[in-house]
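Participant: Just passing along the structure, written as structure tokens.
The values are calculated or read from the model by the stated rules, or taken from the named source; none is laboratory data. Fair warning: this is a prediction, and the values are worked out from it, not measured in the lab. Virtual Cβ from ideal backbone geometry, glycine too; neighbours counted across all protein chains shown. Only protein heavy atoms, including side chains, enter the accessible area calculation; ligands, DNA and RNA are left aside. Shrake-Rupley method; radii C 1.70, N 1.55, O 1.52, S 1.80 Å.
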Amino acid sequence: MSDTVAYERHGDVAVLKVNNPPVNALSQSVRQGLLNGIERAESDDGVRAVLIVGEGSAFFAGADITEFGKPPMAPALPDLVDRMEASPLIIIGSMHGVSLGGGLEVALGCQYRLAVPSAKIGLPEVHLGLIPGAGGTIRLPRLCGIEAALDIMTTGKHVPAQQAHALGIVDEVRDGDPFENGLAYANELLAKNAPRRVVSELEMPKSDDWDALYDAVLAKSRGQISPAMCVRSMQGGAEMPFAEALLNERKIFVELLQGDQSKGMIHAFFSERAVGNLPELKGVDPRALTQIGVIGGGTMGAGIATSALLSGLNVTMLEMSAEAGEAARGRIEGNLAGALKRGKISAERHEEIMTKALTVVTDYAALSDADLVIEAVFEEMEVKKTVFKQLDAVCKPGAILASNTSYLDINEIASVTSRPADVLGLHFFSPAHVMRLLEVVVADATAPDVVATGFALGKRMGKISVRAGVCDGFIGNRILSTYRTCADHMILDGASPYEIDQALEEFGFAMGPFAVADLAGLDIGWAVRKRKRAEGLDPRARDAAYVDTICEAGNFGQKTGKGYYDYSAGAKARVPNPDVLPLIDAEREAQGITPKTFTKEEIVRRYMAAMVNEAAKVVGEGIARRPLDVDMTLLFGYGFPRYRGGPLKWADIVGVEGLLNDIKSYAEEDDYFWQPAPLLEKLVAAGKTFEHLNKGDTV
Ligand code: T1G
């Protein structure tokens, strides 16, 4: 057999037990083992049925994604599934854990499917920029119809066993051991001479308007193409003989695999798992966490407390007064109401959280037994220092003191405590109980086990945690500040906020930078500009004062009903604020600028060049450990389109040399803003890419 597939004879049933940890990916060895097992069963006298069952955590997690991009190795998965259907034996799949992608396609190659109640099935290939490539698009609809099959394929959702049974995808749901159940079920089928039931021989449902289906899926996919291509592959299944339809599906799959979107999404899949694996934390145990404190119950503090409570932690929320404490409790209850409504928590758990797990206090002494305290008070250094001095005085030895600051110097905050090794930044993104990004900001004195505890807390809260060094804005906000400035420069030079938003939303951002500014509040940027002016702006820095005029009129965006856009008709129906363009014209005139036009392509190119250039500086200075750390930051905190993998994956795909050449040409207009990142120049000189650095290469 093979070292991943064992062959066992149990009476009239040949059992193929698959063991390929950690998730039984369908590697070449597994595919070969299954093929060998079926051929052996067919020549094993007396065998009338084959049972396929997984060992460990899953039936099959799908094709082995690590094989993508490498020369294909036989047997190909579609051929294996075809061979299963061609067998004269009855083949049964007994599923547990997940059966995803190729894993479900192997199950569809079986003639009968059994699952334990906790099993889940799915076709998540669209999350990799692909479509199912081993018959899933033309077998699944034969069992559950077009609508249900499309819903499963285009969302990539995991479907629980009972629902899969109701849809006709799974024949039986039985509790117990997958092998024992599977063997019993196989013998039942043999005892009643159950007929061979080959899925591809079932009737393929048809749609009377495939184009409408295609358009509807495309409209919901926000620039991603593989969901809509599932429709085209299914259409092939309805209009072609099965073998031809299978080749058509394979053709679409290969085209997508060779395309940029799957490169970006496969990069995202592995990077979101790699970003938390830091060599410096190997063997470092995090400190125990059961009770945490949160200082400040505003939007951020309440969001952080909500996220911690939902992860099962007890939270002591400290506010300055009983009234403020009650207001904080109300914000937390409001956040939890959403979780209750979406079924993330039960009514009992909600009650338990609000009556037991959450304590609201006004006295710092109540934090004396907290394992970790997160401060989320006003973004002003002196206020933070006062809080940290008080925490240092009351918290037990070994308690970790964290700041949620979005840009202030953690070293300076740590310097007012007696325990700088226990101090770090935990920068959450608003709303903190929804956004998955967490920047774990490591100061000079932060101890390794404190960093490990920050990552452990993030994991427990379901965050994607990224290690960041100390600088103004850490990773995300520092890069945001640069590409946002680039957008302002383009406005001064002739583009409108509305053209820029449209160009970036067509590129794939959920919202353009000016719509985002309106959402976050223009007063935040206004405060940053005032701070930077007070600190002393470099005379070479270009300044866009027109935004201040918008703010001075009290227009801060959505929260005041007007900013770059007018929201009187509602946030969704955002309409340009007619006061804005005249302000921009006046600013250009005041600065003696003759406006020029920008194409959408140039807007995107400049915006992304600024983002990549600053990201390269962030990696080059060690603020981010690897390029993938920046990619995950932008994906999970800033709405960067996942199918592009992140700014530095995008840079590798479009070519770093061309980007550097563009930056140098922009520098001829403004050599202060456009200073090429040394790391970018080194990569181009060495003929390397950011991916080389992700794999540990150096330049
Ligand atoms: N191939 C290779 N490695 C995989 C893998 C896969 N399919 N799935 C997971 N891993 C690795 C993962 O990188 C990590 O490695 C470890 O397993 C644990 O994963 C023809 C072409 C199964 C729900 O898209 O959704 O079939 O970091 O941390 O949280 O149509 O992994 O430890 O070194 O995520 O318990 C379709 C992807 C493939 C499923 C388990 N299948 N995987 O979650 O563990 S395309 C998928 C998942 C396909 C066919 C097409 C999850 C999981 P490391 P983990 P988890």
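Participant: Which whole-angstrom value gives the distance between the alpha carbon centres of region 397-429 and region 664-688?
Facilitator: Cα centroid to Cα centroid, the span is 34 Å.
Participant: Of all accessible surface on region 503-605 at a 1.4 Å probe, what whole percent is carbon and sulfur?
Facilitator: Ligands and nucleic acids excluded, carbon and sulfur give 58 percent.
Participant: Roll a 1.4 Å probe over the protein heavy atoms and report the accessible area of Trp526 in Å², nearest 10.
Facilitator: 50 Å²
Participant: Here's another thing I want to ask about it. Taking 7 Å along the Cα-to-C-beta vector as the label spot, tell me the Val654-Thr359 distance in nanometres, rounded to one decimal.
Facilitator: 5.3 nm
Participant: Each residue of region 626-634 in order: what ³J(HN,Hα) in whole Hz does its phi give by Karplus 6.51 cos²θ - 1.76 cosθ + 1.60, θ = phi - 60°, with x for Gly and Pro?
Facilitator: 3J(HN,Hα) across region 626-634, in whole Hz: 9, x, 5, 5, 5, 4, 5, 4, 6.
Participant: When the accessible area of region 249-390 is computed with all protein chains present and a 1.4 Å probe, what percentage of it is carbon and sulfur?
Facilitator: For region 249-390, the apolar C and S fraction of the accessible surface comes to 55 percent.
Participant: What does the C-alpha gyration tensor say about the overall shape of region 272-402? Classify as rounded when a/c is under 1.5, otherwise prolate if a/b is larger than b/c, or oblate.
Facilitator: oblate
Participant: Hey, what's the Cα Rg ratio for the chain versus the globular rule of thumb, 2.2 N^0.38 Å?
Facilitator: With N residues counted in the chain, Rg over 2.2 N^0.38 Å equals 1.07.
Participant: Quick check on region 543-608: what does the Kirkwood estimate of hydrodynamic radius come out to from the alpha carbon pairs, in Å?
Facilitator: By the Kirkwood definition, the hydrodynamic radius is 13.4 Å.
Participant: For Lys385, list the lysines whose Cα falls under 26 Å from its own Cα; do not include residues on the same chain fewer than 8 positions away.
Facilitator: Cross-link targets: Lys396, Lys530, Lys532.
Participant: So, one more: Gap in Å between the Cα centre of region 336-366 and the Cα centre of region 209-279?
Facilitator: Measuring centre to centre over Cα atoms gives 41 Å.
Participant: Taking 7 Å along the Cα-to-C-beta vector as the label spot, tell me the Lys459-Ser43 distance in nanometres, rounded to one decimal.
Facilitator: Between Lys459 and Ser43, the label points sit 4.7 nm apart.
Participant: Decide, for region 187-324, between rounded, prolate and oblate: order the square roots of the alpha carbon gyration tensor eigenvalues as a ≥ b ≥ c, take rounded if a/c falls under 1.5, and otherwise choose prolate if a/b is larger than b/c, else oblate.
Facilitator: Because a/c hits 1.5 or more and a/b exceeds b/c, region 187-324 counts as prolate.
Participant: Report the full-extension gain for the segment Asp175 to Arg222: residue separation times 0.36 nm, less the Cα-Cα distance, to one decimal in nm.
Facilitator: Here the segment from Asp175 to Arg222 would lengthen by 12.9 nm.
Participant: Can you tell me how much longer the chain between Ala544 and Gln675 gets when fully stretched, taken as 0.36 nm per residue apart minus their C-alpha distance, in nm with one decimal?
Facilitator: Working: separation 131, 0.36 × 131 = 47.16 nm, distance 1.98 nm.
Full-extension gain reported as 45.2 nm.
Participant: How large are Rg and Dmax for region 598-671 when calculated on the C-alpha trace, in angstrom?
Facilitator: Reported Rg and Dmax, both Å: 12.4, 35.
Participant: For Asp79 and Ala667, what does the FRET efficiency come to when R0 = 35 Å and r is the distance between their Cβ atoms, rounded to the nearest 0.05?
Facilitator: According to the calculation, E is roughly 0.05.
Participant: Tell me, what is the FRET efficiency for Lys157 and Asp585 to the nearest 0.05, using R0 = 41 angstrom and their Cβ-Cβ distance as r?
Facilitator: 0.25
Participant: Let me ask something else. Once you put a point 7 Å from the Cα of Phe378 and another 7 Å from the Cα of Ser57, both along the Cβ direction, what distance in nm separates them?
Facilitator: Those two pseudo-labels are separated by 4.7 nm.
Participant: Looking at the chain, send over the antiparallel percent of its DSSP beta bridges, to the nearest 5.
Facilitator: Around 25 percent of the beta bridges assigned by DSSP in the chain are antiparallel ones.
Participant: Between the DSSP loop rule and a limit of at most 12 other Cβ atoms within 10 Å, which GluC sites (Glu not before Pro) in region 248-329 are left?
Facilitator: When the GluC sites (Glu not before Pro) of region 248-329 are filtered for loop state and at most 12 Cβ neighbours within 10 Å, nothing remains.
Participant: Another question about this same structure. Under a cut-off of 13 Å between alpha-carbon atoms, report the aspartates and glutamates in cross-link reach of Lys157, not counting same-chain residues fewer than 8 places apart.
Facilitator: Glu125
Participant: How large is the Kirkwood hydrodynamic radius of region 187-244, in angstrom, based on all distinct alpha carbon pairs?
Facilitator: 13.8 Å
Participant: Okay, next question. For region 38-192, give me the percentage of DSSP beta bridges that are antiparallel, rounded to the nearest 5 percent.
Facilitator: That works out to approximately 10 percent antiparallel.
Participant: In whole Å, what is the distance between the alpha-carbon centres of region 169-196 and region 537-583?
Facilitator: Distance between centres, Cα-based: 65 Å.
Participant: Just from its helices, what would the mean residue ellipticity at 222 nm be for the chain, if runs of 4 or more DSSP H residues each count -39500 (n - 2.57) and the sum is divided by every residue, rounded to the nearest 500 deg cm²/dmol?
Facilitator: My calculation for the chain gives -15000 deg cm²/dmol from helical runs alone.
Participant: If you count only protein heavy atoms with a 1.4 Å probe, what accessible area per residue comes out for region 5-258, rounded to a whole Å²? Kindly include the intermediate steps, with their values, before the conclusion.
Facilitator: Values: 9910 Å² over 254 residues.
On a per-residue basis, region 5-258 sits at 39 Å².
Participant: Run the dipole for the chain about the Cα centre, Lys and Arg Cβ at +1, Asp and Glu Cβ at -1, nothing else charged, and hand back the magnitude in debye, nearest 20.
Facilitator: Charge dipole, the chain, about its Cα centre: 720 debye, nearest 20.
Participant: Can I ask one more? Taking the Cβ-Cβ separation of Asp209 and Ala510 as r and a Förster radius of 41 Å, what is the calculated FRET efficiency to the nearest 0.05? Mind showing how you got there, number by number?
Facilitator: Details: r = 29 Å, r/R0 = 0.71.
With a Förster radius of 41 Å, E is 0.90.
Participant: Which lysines have a Cα less than 25 Å from the Cα of Lys600, not counting those fewer than 8 places away in the same chain?
Facilitator: The reachable lysines, counting only those whose Cα sits under 25 Å from Lys600, are Lys220, Lys263, Lys572, Lys649, Lys664.
Participant: Could you give the length gained by full extension between Asp285 and Glu323, i.e. 0.36 nm per residue of separation minus their alpha carbon distance, to one decimal place?
Facilitator: 9.7 nm
Participant: In debye to the nearest 20, how big a dipole does region 289-468 give about its Cα centre with +1 on each Lys and Arg Cβ and -1 on each Asp and Glu Cβ? Mind dumping the intermediate values first?
Facilitator: Values: 17 positive and 21 negative charges, 153 e Å.
With only Lys, Arg, Asp and Glu charged at Cβ, the dipole is about 740 debye.
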